[in-house]
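Readers should treat all values here as calculations from the given coordinates under stated rules, not as data from a laboratory. Given the structure is predicted, the values throughout are model-derived calculations rather than measurements. Please note: Cβ atoms are built from the backbone with ideal geometry, for glycine as well, and neighbour counts cover all protein chains shown.
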Amino acid sequence: YINNAPYLDIHIVQYNFTDNTNKIIFDEVSGSSNTFKLGQGVAWQGDGSYTYDGAEGGGHYMEIDLYGNNNSLKWHQTNQSGASDGHDFNFHLAGDWNEINGRQQSSGVKEMNLTIYNDDNDVTLRQKGANTSHTANITLDGTYGTNLTLIQLGTTAQSYSLSQDCNTVGGCSVTVQQGQ
């Protein structure tokens, strides 16, 4: 639990060398102008660097409840092994002008559950990998738009559900790409 924390800069990198689940959980974070970079199995770059590919096994779980404005969350879940417990991301956001960028890739089942309340958020999500399913459940609720880009790529099942409440005169921006 982190309360009224402005200007935090949190970077967490996790590897999973076993068949166990590794977890990153922020039960409740409230505050504005914070930066989070969370990596399981890692990837990022762009150059807050990282990469790593010692081919770890997955079993990634993230759960985050974030309340505040002007926050930046960049998260990646990746693995390169054939056997994997997959990736699970659960996110609840209540606040304006936040930037969310997330990626699940390589082998293992990929599931995202996002609920975003409030306005003017930019959200980019990507699920990519073969031999598994990709699922995204997204709820957007705010008076003004949240720009959402969802990309699901791979050679297997891809599905999403989207519930959106947008009262903006110009509309809200949603882009979905599915395919290989």
Computed log₁₀ I(q)/I(0) - Debye formula, equal Cα scatterers, no solvent, the stretch 91-180, q 0.11 Å⁻¹: -0.30
Interchain or long-range residues, amide H under 5 Å from GLY129's placed H: SER106, LEU153, GLY154, THR155
Cα-centred dipole magnitude for the stretch 102-143, charges only on beta-carbon of K, R (+1) and D, E (-1), debye, nearest 20: 400
Residues with amide H under 5 Å from that of VAL42, placed H, sequence gap 5 or more: GLN14, THR78
About the Cα centre, charge dipole magnitude for the stretch 97-180 (Lys/Arg +1, Asp/Glu -1 at Cβ), debye: 480
Residues with amide H under 5 Å from that of GLY86, placed H, sequence gap 5 or more: GLY59, HIS60, VAL109
